[in-house]
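Reading through the structure tokens given below for one structure.
The values are calculated or read from the model by the stated rules, or taken from the named source; none is laboratory data. Not measured: the values here are computed from a predicted model. A quick note on method: Cβ atoms are made from the backbone with ideal geometry, for glycine too, and the neighbour counts reach across all protein chains shown.
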Amino acid sequence: MSDVSVLGLGLMGSSIAHTLIDKGYSVTVWNRTTEKAAPLTAAGGKAAFTAVEAVESSPITISVLVDSSALVECLGDDIDLTGRTIVNLATGTPADARELEQWVTKRNGLMLSGTISAYPKDIGTPVGGVNYAGPIELWNRNAEMLLALGGLSGHVGEVITDASTLDLSMLIFYMSSIAAFQEAVVFAEAFGVSPDRLVEFVRPGLPVLEREVDETVRRVESGDYTTDEATIGTFHHCMDLVWKASATIAARPIISSAARELFALGVSEGRANEIPSGAVPLLRQIRDRSQHS
């Protein structure tokens, strides 16, 4: 019996398995293509012939397969998970996490759902992070091992969907921000401004962006969207200027057009004089209408 099994030996799975071996844990590994297990067996790990064998070799199994469906397919509906814990680190939706928990529970197993906020090279280092959700008692029993995967790791909530919800919410903000900067680079270049000049102009605004994020949270919690500073109307006017200028260079402002549409909707709904975070209740209304349509 090993301490832990790892399913899926891509770049991330291999890094996780190597880290656990380096930390002194006995590790069983499995991958569809068996040659990927060779470096890990050379490092001291044990290779299983099947995913089921790997799960049966340890009290806790970390799945880094492509998604939860792949895990279910590999294990099969007849598996007995009594006395075993599944830690699913495949990126997925909250619904995926909930459905997999039900599947594991039906087979008498326990489950934590996690999301990885790190590159493979960061696993096991102070800047590596894996966020876990699930029952606190289960987390406490396995925390020492799971925290070994990175200094920024932790338990983010007892609801099994919490890790996925937080991860996807962060990606909405993070990836949209990156995409917006990429769009800004193309826009600036069209008018003769190089990326290095642009970034020096953008960088001082990053602390302001952080302040606006905190302000949004405060306003959403209080429900007070009044302001004597920049308004939804102001933001709409600015995005309208971006849209008009983009048209002169035949650019397609994908990200800024979405912001323009949102703030235009705010104006049409009578929120022009509210702080820009007043778009949050507007977005809630859109969500609620869609859910009931």
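Could you tell me whether region 142-149 includes any residue that is closer than 28 Å to residue 258 by Cβ and either part of a loop (DSSP other than H, G, I, E, B) or free of Cβ contacts under 8 Å to residues at least 40 places away in the same chain (or both)?
No, the conditions are met nowhere in region 142-149.
Any idea which of 48, 17 is touching a Phe, Trp or Tyr at 6+ places or on another chain (Cβ under 7 Å), surrounded by 18 or more Cβ atoms within 10 Å (Cβ to Cβ) and either at pLDDT 95 or above or more than 22 Å from residue 135 (Cβ to Cβ) (or both)? Steps first, answer last, please.
Values: 17 fails: touching a Phe, Trp or Tyr at 6+ places or on another chain (Cβ under 7 Å).
None of the others qualify; the one that does is 48.
Find all pairs meeting these conditions: Cβ atoms under 9 angstrom apart; at least six residues apart or on different chains; first residue within region 33-48 and outside the structural domain of residue 64 (by TED's automatic domain parsing) and under 20 Å from residue 66 (Cβ atoms); second residue modelled with pLDDT of 95 or more and aliphatic (A, V, I, L, M).
Cβ pairs passing all conditions: none.
Take the residues of region 162-202 that are of a type outside the set (A, V, I, L, M) and touching an Asp or Glu at 6+ places or on another chain (Cβ under 9 Å): which is farthest from residue 101 (Cα to Cα)?
Only one residue tops the list, namely 195.
Name the pairs: first residue in region 267-292 and among the basic types (Lys, Arg), second residue surrounded by 11 or more Cβ atoms within 10 Å (Cβ to Cβ) and part of a helix (DSSP H, G or I), Cβ to Cβ under 8 Å, at least 6 apart or on different chains?
271/232; 271/278; 271/279; 271/282
When you scan region 54-79, how many residues do you find that are acidic (Asp, Glu) and exposed (fewer than 14 other Cβ atoms within 10 Å of the Cβ)?
Qualifying residue count for the region: 3.
Results for (1) surrounded by 14 or more Cβ atoms within 10 Å (Cβ to Cβ); (2) among the small types (Gly, Ala, Ser), shown as yes or no for each residue.
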site: 192; (1), (2): no, yes
site: 201; (1), (2): no, no
site: 209; (1), (2): no, no
site: 217; (1), (2): no, no
site: 233; (1), (2): yes, yes
site: 268; (1), (2): no, yes
site: 271; (1), (2): yes, no
site: 277; (1), (2): yes, yes
